[in-house]
Amino acid sequence: FILPQGDESERYARARDLLEQWFTDGVLLQEGEPVVLVVRQEFAWPEGNAQVRTGVIGAMAVEPFTHGRVRPHERTHEGPKEDRLALLRATDFVFEELLMVVPDRKAVLRRALEQVTADPPLTTAVLHGVRVSVWVVGGIAAEEIAAAAGDAGAYVADGHHRYETAVTYHGENGRAARVPVLLIPLSDPGLVVRPTHRIIMGAGLERLAVEAKFREWFQIKELPLSADYAEELAALKPRGTACVVVVPPGAAFAMLLKSGAKLDDIVTGLHPTVASLDIMRLDELVVKKLRAAAGGDARVEYSADVDEVIDAVRHGRAAAGILVNPTAVESVLAVADAGEVMPPKSTYFFPKVPSGLAGMWYGD
């Protein structure tokens, strides 16, 4: 439904037909009263750390980013928005919730959600390794949760293209004044951003040659093959901008940006909130230089999986891998507050919101 197959002339019509069939078969049920859905997602990192993220699905009023109450941190592209808009026009239905963060400065929303999750959930399922539990809340309790979410605005974590599409569609269809969102309180301990590592495709690079390129900027430490690269990165994070570079046949070294490094020429013209991001500095200082060394047209790929990056280098599919630390949620919000955008592939809010937990129908 969300990514219908077939040529352009028929795939959106097929999605509409499937939606109508789901309504007929009772796959989709409409609530008789306004409700919110409290959603708890339990998951674990590859490192074994257990996490719990709790939020609430509700209907948020659609308004342009220029109003300033809903703030983005990514640049969007026309192709994906055109596809989403065509699907909306064909179905009058939104089947995916956007992921947003609300300030919740006094933790009022977080405490309200904790009260709900103290009771057994309506349903629980495991989807892609994530345990998802859902509570349906109506009446006064739903109104109290909506009030706790407040009107202080929200930050788009995932779903920029879909939100902009919703704004466009609202201009065509007055009934489409709201869009389903999963709101996560900023104070929730499970609200985290995973790192997205960089893979430079192309011919392999020699370790000594790579190290020589960066000694002006970085303190460099060679790492044994047995090293835990994620631990090495975490240990360096409090000290500044750092990464681990892996080159064939698997040699690796940790790099920590020197405290006196002059970056004015590297991040010139950028807003201070963007220029100070570790991922921006690494993209400009490391990724660009390695890409040039591997060939000016070397492709850059991305992965959240450390093992996938290392495997690509060790098996000769990549010239180098750059492992990075995650970007702090607060840094993402600071960029949004400044009206700026993050570098590409610099935020990966995990886990994704499961599609189909709740939807909104704008039809008659």
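The values are calculated or read from the model by the stated rules, or taken from the named source; none is laboratory data. Just so it is clear, the structure is predicted and the values come from calculations on it, not from any experiment. All Cβ positions, even for glycine, are placed from backbone atoms using ideal geometry, and neighbour counts span all protein chains on display.
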(request) Please go through the range 85-126 and pick out each residue that is closer than 21 Å to Y348 by Cα and either free of Cβ contacts under 8 Å to residues at least 12 places away in the same chain or in contact with a His (Cβ under 8 Å, 6 or more places away or on another chain) (or both). (result) V126
(request) Could you tell me which of the residues R111, R84 is in a helix (DSSP H, G or I), among the basic types (K, R) and over 23 Å from the mean Cα position of the chain (by Cα)? (result) R111
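Considering only the range 221-233, state which residues are over 26 Å from P344 (Cα atoms) and either surrounded by 16 or more Cβ atoms within 10 Å (Cβ to Cβ) or over 27 Å from the mean Cα position of the chain (by Cα) (or both).
K221, E222, L223, P224, L225, S226, A227
Go through the range 215-270 and tell me which strands (runs of 3 or more DSSP E), entirely inside it, have 1 or more residues that are in the same structural domain as V286 (by TED's automatic domain parsing), in contact with a Ser or Thr (Cβ under 8 Å, 6 or more places away or on another chain) and more than 23 Å from N49 (Cα to Cα).
Numbers: elements: 218-223, 242-247, 251-257.
Hits in the range 215-270: 251-257.
Please report, ordered by residue number, the strands (runs of 3 or more DSSP E) entirely within the range 119-208 with at least 3 residues that are surrounded by fewer than 18 Cβ atoms within 10 Å (Cβ to Cβ). Break it down into steps so the answer makes sense when it comes.
Values: elements: 123-127, 130-138, 154-158, 178-185, 197-201.
Once the strands (runs of 3 or more DSSP E) in the range 119-208 are filtered for at least 3 residues that are surrounded by fewer than 18 Cβ atoms within 10 Å (Cβ to Cβ), what remains is 123-127, 130-138.
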(request) Tell me, please, whether a residue that is under 24 Å from R175 (Cα atoms), under 23 Å from the mean Cα position of the chain (by Cα), of a type outside the set (V, I, T) and exposed (fewer than 15 other Cβ atoms within 10 Å of the Cβ) can be found in the range 40-57. (result) no
(message) Considering only residues that are among the acidic types (D, E) and either surrounded by fewer than 24 Cβ atoms within 10 Å (Cβ to Cβ) or touching a helix residue (DSSP H, G or I) at 6+ places or on another chain (Cβ under 7 Å) (or both), which ones fall in the range 91-113?
(response) D92, E96, D104
(request) Please work out which one of (1) modelled with pLDDT under 95; (2) of a type in the set (V, I, T); (3) over 20 Å from V335 (Cα atoms) is the condition V244 fails and give its number. (result) (1)
(message) Between a residue in the range 332-354 that is in a loop (DSSP other than H, G, I, E, B) and any residue that is surrounded by fewer than 20 Cβ atoms within 10 Å (Cβ to Cβ) and of a type in the set (S, T, Y), which pairs come within a Cβ distance under 7 Å, given they are 6 or more apart or on different chains?
(response) A338/T273; E340/T273; K345/T196; K345/Y302; S346/T196
(message) So, in the range 7-47, exactly how many residues are among the aliphatic types (A, V, I, L, M) and assigned to a strand (DSSP E or B)?
(response) 6
(request) Run R291 past the list (1) surrounded by 15 or more Cβ atoms within 10 Å (Cβ to Cβ); (2) basic (K, R); (3) in a loop (DSSP other than H, G, I, E, B) and report the number of the one that doesn't hold. (result) (3)
(request) Can you run down the residue pairs with Cβ atoms below 6 Å, 6 or more apart or on separate chains, where the first is in the range 142-158 and in the same structural domain as Q115 (by TED's automatic domain parsing) and the partner is among the aromatic types (F, W, Y)? (result) V156/Y163; A157/F349; D158/F349
